[in-house]
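Report on the following structure.
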Amino acid sequence: GLSRGVNLLDSLGLLLGPDGAVADVVPGLPAAKSGLAPGMKLIAVNGRRYTPDGLKAAVANTKSGGKLELLAES
(Lines give C-alpha, C1' and ligand atoms only; values in the text may rest on other atoms or scores of the structure.)
Protein backbone atom coordinates (compact mmCIF):
# COMPACT_ATOMS: atom_id res chain seq x y z
CA GLY A 1 0.00 0.00 0.00
CA LEU A 2 0.92 3.65 0.25
CA SER A 3 1.51 3.50 4.00
CA ARG A 4 5.07 4.76 3.62
CA GLY A 5 4.33 7.02 0.69
CA VAL A 6 3.96 10.78 0.85
CA ASN A 7 0.57 12.49 0.57
CA LEU A 8 0.96 16.10 -0.56
CA LEU A 9 -2.37 16.28 -2.37
CA ASP A 10 -3.49 19.32 -0.34
CA SER A 11 -0.33 21.35 -0.97
CA LEU A 12 1.54 20.32 -4.12
CA GLY A 13 -1.22 18.12 -5.50
CA LEU A 14 1.11 15.12 -5.35
CA LEU A 15 0.76 11.57 -4.05
CA LEU A 16 3.88 9.39 -3.98
CA GLY A 17 4.35 5.69 -3.37
CA PRO A 18 7.00 4.41 -0.93
CA ASP A 19 9.71 4.32 -3.63
CA GLY A 20 9.08 7.88 -4.86
CA ALA A 21 6.84 6.77 -7.71
CA VAL A 22 4.21 9.36 -8.64
CA ALA A 23 0.85 7.74 -7.87
CA ASP A 24 -1.41 10.74 -8.47
CA VAL A 25 -1.23 14.41 -9.48
CA VAL A 26 -4.00 17.00 -9.06
CA PRO A 27 -4.49 19.12 -12.23
CA GLY A 28 -3.82 22.83 -11.71
CA LEU A 29 -1.68 22.42 -8.59
CA PRO A 30 2.12 22.91 -8.49
CA ALA A 31 3.12 19.28 -9.14
CA ALA A 32 1.05 19.11 -12.33
CA LYS A 33 2.16 22.59 -13.43
CA SER A 34 5.79 21.49 -13.08
CA GLY A 35 5.19 18.55 -15.40
CA LEU A 36 4.97 15.68 -12.92
CA ALA A 37 2.61 12.86 -13.92
CA PRO A 38 1.65 9.38 -12.71
CA GLY A 39 4.22 6.80 -13.77
CA MET A 40 7.17 9.13 -13.19
CA LYS A 41 9.57 8.62 -10.29
CA LEU A 42 10.99 11.31 -8.04
CA ILE A 43 14.76 10.91 -7.81
CA ALA A 44 15.95 14.13 -6.17
CA VAL A 45 14.72 17.02 -4.03
CA ASN A 46 16.73 20.26 -4.07
CA GLY A 47 19.74 18.40 -5.46
CA ARG A 48 19.70 15.60 -2.88
CA ARG A 49 18.62 12.01 -3.39
CA TYR A 50 14.87 11.64 -2.79
CA THR A 51 13.69 10.51 0.63
CA PRO A 52 10.16 10.95 2.03
CA ASP A 53 11.49 12.94 5.01
CA GLY A 54 13.67 15.10 2.78
CA LEU A 55 10.70 15.95 0.60
CA LYS A 56 8.49 16.78 3.60
CA ALA A 57 11.23 19.01 5.05
CA ALA A 58 11.70 20.81 1.71
CA VAL A 59 7.95 21.40 1.40
CA ALA A 60 7.82 22.74 4.98
CA ASN A 61 10.72 25.09 4.17
CA THR A 62 8.78 26.63 1.27
CA LYS A 63 6.47 28.24 3.84
CA SER A 64 9.41 30.42 4.90
CA GLY A 65 10.57 31.15 1.36
CA GLY A 66 12.67 28.05 0.64
CA LYS A 67 12.85 26.68 -2.87
CA LEU A 68 11.48 23.34 -3.97
CA GLU A 69 13.25 21.74 -6.91
CA LEU A 70 12.12 18.25 -7.86
CA LEU A 71 13.95 15.97 -10.27
CA ALA A 72 11.91 13.16 -11.75
CA GLU A 73 12.38 10.56 -14.46
CA SER A 74 9.72 8.97 -16.59
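Among the residues of the range 23-52, those that are open to solvent by 30 Å² or more (accessible area, probe 1.4 Å) and farther than 17 Å from Gly13 by Cα comprise Ile43, Asn46, Gly47, Arg48, Arg49, Thr51. Between Leu55, Leu15, the distinction of being open to solvent by less than 50 Å² (accessible area, probe 1.4 Å), outside any strand (DSSP E or B), more than 15 Å from Ser74 (Cβ to Cβ) and hydrophobic (A, V, I, L, M, F, W, C) belongs to Leu55 only. Counting only residues that are open to solvent by 50 Å² or more (accessible area, probe 1.4 Å) and in a loop (DSSP other than H, G, I, E, B), the range 58-74 holds 7 of them. Note on the range 21-37: residues that are closer than 20 Å to Thr62 by Cα and not in a strand (DSSP E or B) amount to 10.
Every condition in (1) modelled with pLDDT under 95; (2) in contact with a Gly (Cβ under 7 Å, 6 or more places away or on another chain) is met by Lys41 except one, and the failing one is (1). Pull out all pairs, ordered by first then second residue, where Cβ-Cβ is under 8 Å, the residues are six or more apart or on different chains, the first lies in the range 6-20 and is more than 14 Å from Leu68 (Cα to Cα) and touching a residue at least 40 places away in the same chain (Cβ under 8 Å), and the second is of a type in the set (A, V, I, L, M) and part of a strand (DSSP E or B). Note: pairs meeting the criteria are Val6/Leu14; Val6/Leu15; Val6/Leu16.
The values are calculated or read from the model by the stated rules, or taken from the named source; none is laboratory data. Everything numeric here is computed off the predicted structure, so don't read it as measured data. Neighbour counts run over all protein chains shown; Cβ positions are idealised from the backbone, glycine included. Calculation scope for accessible area: heavy atoms of the full protein, side chains included, ligands and nucleic acids excluded. Shrake-Rupley method; radii C 1.70, N 1.55, O 1.52, S 1.80 Å.
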